[in-house]
Structure formats: C-alpha cells, structure tokens
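S.K.: I am attaching a structure below and will ask some questions about it afterwards.
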Amino acid sequence: MMFRSWELPLVVIVALCQGCTDRFDLERLSGARADIIVGDTSYVEIVPPFEGFNSPSAIIIAYDQLMYVADTHNNRIVMMNVAGQILGTRQIVQPMAITQDLRLDLLVTGLVVESDGDSVAATFRIKLVQSQHNLGTAEVDTIWKERSRPLRRFVGIAALPDNQYLVTRRGPDNSSFVDPDTRVLYFDANDRFITPLGDLVTRAGSGITDINRPTGMSAFPNSRDFVIIQSSEGVAYGAIWMIYQRTNEFDGWLPKFDPAKPEQRFVDFVRPNRYVMPQGVTMDGKRRDIFITDMAQDSVFKFDSRGNFKSESFGFTRSGGRMLRPSGVAFFDKTLYVSDTQTNQIFRFRLSTDFQ
C-alpha cells in the first residue's frame, strides 16, 4: 500500500473494546504493524467499526454525551452511546446535518415531501428533553422550508452558546444578488429567521470569505466561532475559520486567517487548494484542534489552534484502504469518530500515545 508523503500508517487494533471511554494498554495488542513503535504519535484504529448504516453523512457527539448519526439513505436519525449501542431512531427524509443546542434539542437538516410531490429542503427541531430523551416519540417541528426553490439544500447547521444557530444553504442558482441559493442563514433561539450572514460572500473567487459550494459547518463549543467547509470547485479556500467580534463599530464574524495579510499568507489551514471535497468538520474543545474529513482524498486533516497542519493527519489510498469516503466526524474523550458513506461504517481512532 502506498501512502502520501504526509500520511502516517494506521494500526488496526484487534482487541475487544468495552467502549470508547475505556483505556487500553497498547502493549497488549495483537496484530500491530511492525513499523509502528509504541509511543509514536499516530492515529490507531479501534475495531470493530460500527455498522448498520446507509450513507451516514453526518455525526456528532452532543452535549448529552450521546452520538447522533444522520443516516441519510436510511432516512433516519440514530441515537447511540459511544460504545455503539443504538438507543433510538427517528425518521427524517434524507437528513444531511445535525447539531444540538444547550437545551438539548436536536437541530436537523433534511427534506420534506410536499403535496405536489416535490422534495424541498427543510430544517427541523427534535424536542428531546420534552420527550424525556426518547428520540422515537419526540415532537418534531418543521422550522423552515424552501418551497419556492426545490433544488436548494441545507448542508450544515451549527448551534451557538445562546441557542441561536446558523444554517448553511447550497444550490445551483447564485445569479440573484438579493437571494442566491448559497447563503449562511442566521436564526434566533426561538427559530425566527434573523438575516443571511453578510460576512461570507456568495461567489466563485479567490477571496477568503468567498463561498460557492459549501458542504458543512461546525461551531466551537461554548463559542460563537465556527468553521465552514466547501468544495474547492470555483474557490481557493476549502475551509474558512470565522471568529465573532463585537465592538462599537462592528458586530459579526471575521476570518481568523486571511491570506491577504502578509503575516498569515503561509498559514497551513488556508493554504490554497489544500482540500478537494471536505465533507465534515469538528473540534477538540479542550485543545481547539480542528479535524476536517476530505472525501475526495480519503483523509482526515488535523490542525492546531494556530492553523498549523499536524502530522497526525492520516488517510488511506483508494487501493486497499478501508476508509474510502469519509464524511462526518466527531471527537469525544480522546476518540475520533469518522463516518464513511461508501463502507457505511463509523470508524474510531485514538492517538497511540493516548492508549498508555
């Protein structure tokens, strides 16, 4: 198997795992690759992966410390514990993105089928606390629908600390200056639409805030900062880190890294054309590391809080690799979870140093 120059080989752990919160002694491993030395900082797979999905496009570990999967082609949201036990499911037509606010409600994007047969993009609120965390019986409110533009899709959603939230919308028609398909929409805590986010510009181009074909987004825990990701088609930057600022003169979001500034020109996070098809993004809330999956490169990229590329980034080549089309990504208790839309599995990884 050939690895890219920056990739580190992965070890497959053949061992019984009581759950991802348990620690495992690396010296007890059987089947470890000979070219991995205990103590090397590389990601190690925990087996077996979680199975039973059909194109799982998004995954989160929420504030309630449960895992939620947007199981897109099974038309359902799946609630699991971090050991992989399914605790409940709820039907949503082709869910694409999911988050949880501080009230522990789920916010989900997907589709609704209208009376004329059109499938239109919609956002939903699943009221988990009201149902005593029973996903199957929880009330579901349809928050927003795109009735007049059936080709639009909501591809990302991110809750903010005050229970306001952002929704990333994408579509093929961006000719309108007033209401292009591709926008980031801003909602208040009561699901009222506030405004399109003007801090990101809908256009193809080489500016850091140009958005053209977004694929997802995620907010930092306990912060109004967020990262939006997009296909590299038509733009230079596949990931944009936006930080919230409020002063007497300004109230909104600005890019954390702007290559137009000489001192930030060579920041790894915003290196032009680094990404091809980034599909998922999540953060390590403690270290503020960022993980980005790239479906086209079969890879997980990792960056520190200063935007530096980290050598623990990894991936498989298409010839013989197991992680073929990584999509959603979540991080919890030193464990990285990656959903794969081709193998229909959820893989788990830990740094080799975190097993000791």
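Since every read-out is calculated from the coordinates, none of them should be taken as a lab result. None of these values were measured; they are calculated from a predicted model. Note that we place each Cβ from the backbone using ideal geometry, even for glycine, and neighbour counts take in every protein chain shown.
S.K.: Using only the alpha carbons of the range 151-197, what is the convex hull's orientation-averaged projected area in square nanometres? Intermediate values should be presented prior to the final figure.
M.R.: Details: hull surface 13.0 nm².
The directionally averaged projection comes out at 3.2 nm².
S.K.: How large is the charge dipole for the range 11-355, taken about the Cα centre, if only the Cβ atoms of Lys, Arg (+1) and Asp, Glu (-1) carry charge, to the nearest 20 debye? Mind dumping the intermediate values first?
M.R.: Values: 38 positive and 41 negative charges, 58 e Å.
Dipole size: approximately 280 debye.
S.K.: Same structure again: Using a 10 Å cut-off on Cβ atoms, rank the peptides 253-259, 282-288 from the highest mean neighbour count down. List each step's numbers first, then the result.
M.R.: Values: 253-259: 19.0, 282-288: 16.1.
Packing order, densest peptide first, comes out as 253-259, 282-288.
S.K.: Could you give the length gained by full extension between Gln65 and Leu351, i.e. 0.36 nm per residue of separation minus their alpha carbon distance, to one decimal place?
M.R.: Numbers: separation 286, 0.36 × 286 = 102.96 nm, distance 2.04 nm.
Net length gain for the segment: 100.9 nm.
S.K.: Share of Cα-Cα pairs in the range 11-355 beyond 30 Å, in percent? Intermediate values should be presented prior to the final figure.
M.R.: Details: 19927 of 59340 pairs.
Here the tail beyond 30 Å accounts for 34 percent of pairs.
S.K.: Right, next: Principal axes first, then extents: for the Cα atoms of the range 205-278, list largest minus smallest coordinate on each axis, whole Å, largest first.
M.R.: Principal axes ranked by extent give 37, 28, 19 Å for the Cα atoms.
S.K.: Residues of the range 174-203 with the amide nitrogen closer than 12 Å to a label point 7 Å from the Cα of Arg103, along Cα-to-Cβ, please.
M.R.: Output list for this probe position: 188-192.
S.K.: Moving on. Which of Arg147, Arg169, Arg183 ends up with the largest GNM mean-square fluctuation for the chain, with Cα atoms connected below 10 Å?
M.R.: Ranking Arg147, Arg169, Arg183 by mean-square fluctuation puts Arg147 first.
S.K.: Kindly list the residues of the range 335-350 that lie in the label zone of Glu51, defined by a backbone N under 14 Å from the point 7 Å along the Cα-to-C-beta vector.
M.R.: 343-347
S.K.: Along the positive direction of the dipole of the chain (beta-carbon charges: Lys, Arg +1; Asp, Glu -1; about the Cα centre), which of Ala204, Thr89, Val178 reaches farthest?
M.R.: Result: Ala204.
S.K.: Based on the alpha carbons, how large is the Rg to Rh ratio for the range 83-143 when Rh follows Kirkwood?
M.R.: Details: Rg = 12.4 Å, Rh = 12.4 Å.
Looking at the range 83-143, the ratio lands at 1.00.
S.K.: Measure up Lys145/Lys302; Lys261/Lys286; Lys127/Lys302; Lys127/Lys334; Lys261/Lys302 against 25 Å on the Cα-Cα distance and list the ones that go over. Walk me through the numbers before you get to the answer.
M.R.: On the way: Lys145/Lys302 35 Å; Lys261/Lys286 28 Å; Lys127/Lys302 33 Å; Lys127/Lys334 29 Å; Lys261/Lys302 23 Å.
Checking Cα-Cα distances, Lys145/Lys302; Lys261/Lys286; Lys127/Lys302; Lys127/Lys334 exceed 25 Å.
S.K.: Can you find, among Leu106, Thr215, Pro56, the residue farthest towards the positive end of the dipole of the range 11-355? Put +1 on the C-beta of Lys and Arg, -1 on that of Asp and Glu.
M.R.: Of Leu106, Thr215, Pro56, it is Thr215.
S.K.: Starting with the highest mean, order 74-87, 204-217 by the number of other Cβ atoms within 10 Å, averaged over the residues of each peptide. Please list the in-between numbers first.
M.R.: On the way: 74-87: 17.8, 204-217: 20.3.
Averaged packing, sorted descending, gives the order 204-217, 74-87.
S.K.: On to the next question. Just to be sure I follow: if Rg is taken over the C-alpha atoms of the range 50-190 and Rh is the Kirkwood radius over the same atoms, what is Rg/Rh?
M.R.: Working: Rg = 14.9 Å, Rh = 15.4 Å.
A ratio of 0.97.
S.K.: Further question on the same structure: Considering only DSSP beta bridges whose two residues both sit in the range 205-256, what percent are antiparallel, to the nearest 5?
M.R.: Values: 14 of 15 bridges.
Rounded to the nearest five, the antiparallel share is 95 percent.
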